[in-house]
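**Student:** Okay, handing you the structure first.
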Amino acid sequence: MAEKTQKKGNRLILPLPGNEGFARRLADAGDWELGALETRRFPDGETYVRILSDVKEKAVDLVCTLARPDDGFLRSIFTADAARDLGARQVNLIAPYLSYMRQDRRFQAGEAVTSKSFARLVSSSFDRLVTVDPHLHRYAALSALYTIPTDTLHAAPLLADWIAAEVEKPLIVGPDEESEQWVSAIAERVGAPHAVLRKIRHGDRNVDIALPDLSEWRGRTPVLADDIAASGHTLIEAARQLPLQGFPRPVVAVVHGLFAEDSFQRLAPLCDRVVSADSVPHESNVVSLAPLVAEAMASADTSDGDLVRHRRPPEPVDEVEQAGFDSFPASDPPPWTGGVS
């Protein structure tokens, strides 16, 4: 019991807005303290952030899934800086879903390679990044992008265990040839056959799907397994075509259920069931990633000086300067706007 109390006192799980559920499950899984944050927008659209929990000398883990990141990413940077200024020993980013991985090269002249830019911003504000199944594309590992230690966790075993428990006589079906290794590993764990589709992409929203002849597996329940469901077009097209070969409506099991626009509403009627891990909050969430993340956090030696980048601590503030801060509300205009010379 004493050891658990010490752990709770040294690590603070701090959720960004919209991530409270995952943060609570993570804190429960690791028996860590759950913190609180106040945030709002000023009338001009700027963001206000206040950390309501004591962070001094603690490892602070900001929990923020980075699906649709543009609206809230600055808030995470402000929170990280505030935690560090308030004396946090370490500030980590727990991002169950990691965004800005698709633009990993310049496809057309003048394009921004946003994966590199985003990695630079994250690396400059956090000491460690923990994420689940990032869509690496052409990068061999996150270390090719990020200059901070990263933990890349894998949810495929969890998906496989759910399929084994919930689907009778499954046939695991991958969305394209690139998924062969991932899908075969799930199938092996489940003890089921697998197949992959051929995907012909004509753009972000225009995808053709070619199904191989799956007649030898007729009588099984197809399970469309993928790491990310973004636009959903691949899954929708595959779900439409499988019954044409005499299969029942498929089950869809994905790690990251982004389900942009109305894709979930279009996909769900074509399927027996659609399930996802809880890296992105969604009604399809079934598989909990919190125990997986908690285990990685607990096993990491975060006190190792080689793994944590130590920044210079903020300069101490004298009493006069502190009094000025305390008496100057953030919403008031600065004194030099009043016409005093």
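No lab work stands behind these numbers, since they all come straight from the coordinates. On a predicted model such as this, the values are computed, not experimentally measured, just so you know. For neighbour counting, all protein chains shown are included, and Cβ atoms are generated from backbone atoms with ideal geometry for every residue, glycine included.
**Student:** For residue 171, list long-range residues whose amide hydrogen, built 1.01 Å from N in the peptide plane, is under 5 Å from its own amide hydrogen.
**Tutor:** Here 221, 223 satisfy the definition.
**Student:** Using a basic spin-label model with each label point 7 Å from the Cα along Cα→Cβ, how many nm lie between residue 56 and residue 198?
**Tutor:** It works out to 6.6 nm between the two label points.
**Student:** Quick one: 58, 169, fewest Cβ neighbours within 10 Å first, how do they rank? Please list the in-between numbers first.
**Tutor:** Details: 58 24, 169 10.
The order, fewest Cβ neighbours first, is 169, 58.
**Student:** With r defined as the distance between the Cβ atoms of residue 109 and residue 210 and R0 fixed at 25 Å, what FRET efficiency is calculated, to the nearest 0.05? Display every interim value, and only then the final one.
**Tutor:** On the way: r = 32 Å, r/R0 = 1.28.
The computed FRET efficiency comes out at 0.20.
**Student:** I need the phi-derived Karplus couplings for the stretch 53-62: 6.51 cos²θ - 1.76 cosθ + 1.60, θ = phi - 60°, integer Hz, Gly and Pro marked x.
**Tutor:** Computed from phi, the couplings for the stretch 53-62 are 10, 6, 10, 4, 6, 10, 7, 9, 10, 7 Hz.
**Student:** Shifting gears a bit: What does the C-alpha gyration tensor say about the overall shape of the stretch 156-278? Classify as rounded when a/c is under 1.5, otherwise prolate if a/b is larger than b/c, or oblate. Show your work: numbers first, answer last.
**Tutor:** Numbers: a/c = 1.41, a/b = 1.20, b/c = 1.17.
Rounded is the answer for the stretch 156-278, as its axis ratio a/c remains below 1.5.
**Student:** Give me the number: length gained by fully extending residue 178 to residue 36, i.e. 0.36 nm times residue separation minus the C-alpha to C-alpha distance, one decimal in nm.
**Tutor:** Working: separation 142, 0.36 × 142 = 51.12 nm, distance 4.11 nm.
Taking residue 178 through residue 36 to full extension adds about 47.0 nm, to one decimal.
**Student:** While we're on this one: Counting only DSSP beta bridges with both residues in the stretch 156-278, tell me the antiparallel percent, nearest 5. Please report the intermediate quantities before stating the final value.
**Tutor:** Working: 4 of 22 bridges.
In the stretch 156-278, DSSP labels about 20 percent of beta bridges as antiparallel.
**Student:** Work through the residues other than residue 135 whose Cβ is under 11 Å from its Cβ and net out their charges, Lys, Arg +1 and Asp, Glu -1. Mind dumping the intermediate values first?
**Tutor:** On the way: positive: 102, 138; negative: 104, 133, 178, 226, 227.
Summing Lys and Arg as +1 and Asp and Glu as -1 gives -3.
**Student:** Right, next: Give the residue list of trypsin sites (Lys or Arg not before Pro) in the stretch 153-235 that are DSSP loop and have at most 12 other beta-carbon atoms within 10 angstrom. Write down the numbers at each step before the final one.
**Tutor:** Working: sites: 189, 198, 199, 201, 205, 218, 220; in loops: 205.
Passing both the DSSP loop test and the Cβ count: 205.
**Student:** Amide H to amide H, which residues 5 or more places from residue 127 or on other chains are under 5 Å from it, using H placed in the peptide plane?
**Tutor:** Amide H neighbours of residue 127: 91, 92, 93.
**Student:** Where both partners of a DSSP beta bridge lie in the stretch 1-141, what percent of those bridges are antiparallel, to the nearest 5? It would help to have the intermediate numbers written out before the result.
**Tutor:** On the way: 5 of 21 bridges.
Given both bridge residues lie in the stretch 1-141, the antiparallel proportion sits at roughly 25 percent.
**Student:** May I ask you to derive the relative contact order of the stretch 156-278, considering only C-alpha pairs under 8 Å and at least 6 residues apart, and to give it as an integer percent? Walk me through the intermediate numbers first.
**Tutor:** Values: 243 pairs, mean separation 27.9, N = 123.
Relative contact order comes out at 23 percent.
**Student:** Still on this structure, I have one more. Which ordering of 54, 213 is given by a fewest-first count of other beta-carbon atoms within 10 Å? If you can, show how the numbers build up before the last one.
**Tutor:** Numbers: 54 14, 213 8.
If I rank by nearby Cβ atoms, fewest first, I get 213, 54.
**Student:** To make sure I understand, if each residue's beta carbon is the centre and we count other beta carbons within 10 Å, what order do 172, 163, 200 fall in, fewest to most? Mind showing how you got there, number by number?
**Tutor:** Numbers: 172 29, 163 22, 200 10.
With the sparsest Cβ surroundings first, the list reads 200, 163, 172.
**Student:** Let me ask something else. So who's got an amide H within less than 5 Å of the one on residue 287, skipping anything under 5 residues away but keeping other chains? H placed 1.01 Å off N, in plane.
**Tutor:** Amide H neighbours of residue 287: 276, 277, 278.
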